[in-house]
Every structure is written in structure tokens, then in C-alpha cells.
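**Q** Would you mind keeping the following structure in view while I ask a few things?
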Amino acid sequence: MESGCAGLHFTDRGFQAVDNVLEITNLSKSFHHVQAVSQLSLRLEPDSVVGFLGPNGAGKTTTMRMVCGYLIPDQGSVRICGHDVATQRREAQMRLGYLPEAPSGFDRLTVNEFLTFCGQARGLSRQPLRHAIDRTCQRVNLGEVLGRPLAELSKGWRQRAWLAQAILHEPEVLVLDEPTDGLDPNQKELVRALVREMKPGRTIVLSTHILEEAEELCDRAVVIDRGVIVEDAKIDRLVDPSGRLAARFRELTLGV
């Protein structure tokens, strides 16, 4: 799939100029009368890596699951390249790659079978699918475990397999929820290098508890606390003179 979706596109509103690749409007979600996300709105452009930051329980994963269509919001909408995630799910999903936090499932499938299934679900078949699997496995160094079931893989290998399915179809929007969690230093650097490589022409949303990761990779940071955006700014406006986010993050989320 060719990357980049800014421009003129046919959507459920007819032909529309699409400048914001990802548009989130007034998104809200509650669980048992607890407001997890409240009136969250965000516009993200191509060629950017946006850090989605916040303390535990802030609403980051809930927001990402709604963005990716895996959780229905109580209110609001999400558009990917102009396509509404709720009413144009297939069109939106074709342009989206998602790595969930602590992914699981498909344990009986080998890595090759898993990637084949994911590719077919996104419209790839035959030679293009084979090329996509070969290219992606080379990117994330998966070749040596292609024939092994997911159930037999270590956490690091499993994380790489799930990362591979997220980028297999060259999506315009890539949502990564704690992508380096549980990885060793070499594996973490591989993921970070991949984020840098995939940035041109794409919108990458990176949720991480590792502030140094956001400092290194992100152009912009969106900080969420108790389901509400409390800051949205370029990274260089948030870091201290030594290039660190920690002080501003504590101020925004703890008030100190």
C-alpha cells in the first residue's frame, strides 16, 4: 500500500480535502460510571511521531482502542484519512496498523500463518502478500522463528511478531501501545530504529511510559490525565534545558 493519505479523498461525505490523517473529535468513554475519557479531540498530520503520554489509568489505552475501532465510544468520532472508524470500518482499518499493549491470541498459529492471516484480512494475497511478509520479517528480524507457533515464543519474539502484523500492509497511521515493554535493550533499539525509518509519510502514535523514548523519537507530545488532554505541544517546548520531559510531566500530572 502506498503511504501518505493527505490530499483529496472520497469519503462518506463525498470528495473531501484530507490534511489531518487522524482526526479525533469529542471522544468519550465511561466504565461503570467512571469517566475514562472525556471530550477528547485531536488532529494529527502526516510525517510525525506523536507521543501519547500519561500516568497509569489516565485513559491512554482506552483512547487507542477507540481510535482503532476495538472499543465503541459513548460519544464522539474518529476518522482515519477521512474515513469514519465506526461507519467505514474496512476503509479505515486498511490504513491503520495497531500494536496493542500486551498482545495475545493466535497461539496455535506459526508466525508465518499469523502474518498470512493478518495480511489476507487487509486485502493482501498471493505474491504481494509473500513479498510483504518477507520485507516485514527482514525489518524486524523474524526470519528464524517464522515456522514456530506463537505459543512457543518468548515475550520479545512475540512482541516482534505482533509489531510485524501492524506494519505488514504499510499503513498510513501506526498506533503503538507500549511497543518496547518487556524487550531487552537490543530489541528496544530495533523498534526505535523502525519507528524512525517509518516516519516519512506516516502518522505514528506512540504510547510509552519511558519518557526518554518520547524525547528521542517524538516531534510532539500529548499528555493525558484522568481522561482529559492537559498538554499538547512540540517536544522542544516541553523539555528542560537538559532535554528531559520528566519535570514538565510531573507538573502536569502531579501538580508539582
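The values are calculated or read from the model by the stated rules, or taken from the named source; none is laboratory data. Since we're looking at a predicted model, the values are computed, not measured. Cβ: placed from backbone, ideal geometry, glycine included. Neighbour counts: every protein chain shown.
**Q** Scan segment 107-134 for residues that are under 12 Å from Ala151 (Cβ atoms) and in contact with a Cys (Cβ under 9 Å, 6 or more places away or on another chain) and report the count.
**A** Number satisfying all stated conditions: 1.
**Q** What's the number of the only condition in (1) over 13 Å from the mean Cα position of the chain (by Cα); (2) under 30 Å from Glu91 (Cα atoms) that Glu178 fails to meet?
**A** If we test Glu178 against (1) over 13 Å from the mean Cα position of the chain (by Cα); (2) under 30 Å from Glu91 (Cα atoms), just (1) comes out false.
**Q** While we're here: Quick one: Val34 ticks every box in (1) hydrophobic (A, V, I, L, M, F, W, C); (2) within 18 Å of the chain's Cα centre (by Cα); (3) modelled with pLDDT under 95 except a single one, so which number is it?
**A** (2)
**Q** Out of all the residues in segment 88-119, which are within 18 Å of Asp177 (Cα to Cα) and more than 14 Å from the chain's Cα centre (by Cα)? Spell out the reasoning first.
**A** Residues of segment 88-119 that are within 18 Å of Asp177 (Cα to Cα), as a first pass: 93, 95-105.
Hits for segment 88-119 are Ser104, Gly105.
**Q** Something else about it: Working only within segment 181-209, note down all residues that are closer than 17 Å to Arg250 by Cα and surrounded by fewer than 18 Cβ atoms within 10 Å (Cβ to Cβ).
**A** His209
**Q** Is it fair to say Gly59 is at positive phi, in contact (Cβ under 8 Å) with a residue 40 or more places away in the chain and touching a Ser or Thr at 6+ places or on another chain (Cβ under 6 Å)? Step through it out loud before you land on a result.
**A** Details: at positive phi: yes; in contact (Cβ under 8 Å) with a residue 40 or more places away in the chain: yes; touching a Ser or Thr at 6+ places or on another chain (Cβ under 6 Å): no.
Answer is no for this residue.
Table: residues versus (1) within 25 Å of Arg237 (Cα to Cα); (2) among the charged types (D, E, K, R).
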site	(1), (2)
Ser41	yes, no
Asp47	yes, yes
Gly51	yes, no
Ala58	yes, no
Thr63	yes, no
Cys68	no, no
Gly76	no, no
Arg79	no, yes
